[in-house]
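This report concerns only the one structure given below.
Taken together, the values in this text are just the output of simple stated rules run on the coordinates, not laboratory data. Quantities reported herein were computed from a predicted structural model and do not represent experimental measurements. For neighbour counting, all protein chains shown are included, and Cβ atoms are generated from backbone atoms with ideal geometry for every residue, glycine included.
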Amino acid sequence: MTDLEYIFHPKSIAVVGASPNPFSPASFMFLNPLIQFGYEGAIYPIHPKASEISGLKVYHSILDVPGPVDHVTCAIRADLTAQLMRECVAKGVKLIQLYTAGFSETGQEKGIRMEKEITEIARKGNVRVIGPNCLGMYCPESKITYAPFFPKESGSVGFLCQSGGNTGDIIELGNIRGVRFSKVVSFGNACDLNESDFIEHFTHDPKTKIIVSYIEGTKDGRRFAGALREATRVKPVIILKGGVTEEGNKMAASHTGSLAGNYVIWDSLFRQSRVIQAHDMDEVAELASLFQHLKPPKGRKIGLVGSGGGYSVLITDSCRKEQLIIHPLPEEVRKRLRMILPVEADPGTAVGNPVDVSYSGTNPDIFSATLQTVVNYDELDFVLIYINVILVKQLDFLAEIKKNSDKPMAVVLGGTNSRETKDYAFSLQEKFAQVGLPVFQSFDRATRAINKFMRYYEG
């Protein structure tokens, strides 16, 4: 295994193709985000004619930069990259990230030939390459990003992604759920550094506790399978596979030049390797949220607390479909619940499992005391709270209970179809994320993710 830690901590970055036009790709996605994010190393804009860009001195060539250049971001035409690669070799550049597209992903002989040429130059010159056709790295610790609005806080999730657009979307989907990343790599065509390199690196990276990936294909199936088996022995690995249909497979080939292969084979590999499979990008973020925020559950016994008889029926069905055990509450717990809930005044309440607070749940004190009683019951391994935000607008007590308990728990928020309730639900999700309380938008999404979470720890 090659140690790749150095590529995430460059002391200097050159942006080739930077332009006085702030909306050019090189300036908009690479140069200006580095400045706005507070990157502390040297930044060198490279442009053949300009003298200053974004307040920085411009150099006409990599070779004109007076000091060492660790990292180069390339956003120039594909036919100009071979010469740039030769200059990087001469300069002693450690890594080049190629945003530039138009290589093997086109399926055309010219693009394939150009990619082969730059790869050979780089390998002979000891320059590592990310890409082509990618967005490169986001590393909060090093203050490297291609979007200034990404979180500046480091986290425990390492993310490797074959797609640039999907990289940004999953970072954002994770962000609203409180998921924070150690390192993120969009690696595109992977002419040099590929999915196996990054899986192996994240496996041994002490700052990465959870590995997440969007992948379309692999350069070396045997090596990738070995890397997955090693990784899943020590960390959760969550993968969203693109190109699972014949049509999607063809799109993968035109997107990153990947041969996605037969999904039956991929599915078998994932099952044998104990990979946690996600089936859409929201599920990637949901699973990452569970693994980042919650301690491993001891078993499958789940307690359900919420408001609404119909909700209780539906969430029971969802739990049964996902093999979650709805553990009956003993009489002493039910007795305490009867003392909290106005059972006679509100006949809609139920003190079994699920516990239905009915309309009485609009009183935050009643809902809080009910939930605390269920959470305190030691036999339960997980507590899932379902609540309609139209009925209950004071839910701060959920965050307080979570802060004071190690028991894994999550929330399903219903009644979020209007603009007002959507905005409120979004603010709640951010608030709950701060205390490590995962939030789901439906019963089925919640129970499916919880099942996969539990299954990983069952071995």
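Tabulated data for the structure shown
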quantity	calculated
Gain in span if fully extended, Lys335 to Arg419, counting 0.36 nm per residue against the direct Cα distance	26.3 nm
Those lysines that a straight Cα-Cα span of less than 24 Å connects to Lys124, excepting residues fewer than 8 apart in one chain	Lys11, Lys91, Lys94, Lys110, Lys116, Lys219
Rounded FRET efficiency, nearest 0.05, which uses the C-beta distance separating Arg223 from Gln36 and R0 of 30 Å	0.20
Protection-proxy order for peptides 410-422, 166-178, each taking the mean of Cβ atoms within 10 Å per residue, highest first	166-178, 410-422
Ranking of Thr362, Thr203 by count of other Cβ atoms within 10 Å, fewest first	Thr362, Thr203
Pairwise label distance in nanometres, Lys49 with Phe426, each label 7 Å out on the Cα-Cβ vector	4.2
Folded to 0 to 90 degrees: helix 443-458 orientation relative to the chain principal axis, Cα	80
Spin-label proximity, Arg123 to segment 95-111 - amide N less than 17 Å from point 7 Å beyond Cα toward beta carbon	96, 104
Contact order relative to length of the chain, as percent, for alpha carbon pairs under 8 angstrom and 6 or more apart	11
0 to 90° range, to nearest 10: angle between helix 246-256 axis and the chain longest Cα axis	50
Extension gain from Arg113 to Thr362, taking 0.36 nm per residue of separation minus the Cα-Cα distance	83.0 nm
Those aspartates and glutamates that a straight Cα-Cα span of less than 15 Å connects to Lys49, excepting residues fewer than 8 apart in one chain	Asp64
Segment 291-419, relative contact order [Cα under 8 Å, separation at least 6], %	32
Mean separation of Cα contacts under 8 Å, 6 or more apart, over the residue count of segment 1-85: relative contact order %	35
Whether segment 295-458 is rounded, prolate or oblate, judged on the alpha carbon gyration tensor where a/c under 1.5 counts as rounded	rounded
The chain: angle of helix 281-293 to the longest principal axis, Cα-based, in degrees nearest 10	70
Partner lysines for Lys402 [C-alpha distance under 21 Å; skip if fewer than 8 residues away on the same chain]	Lys295, Lys298, Lys301, Lys393, Lys431
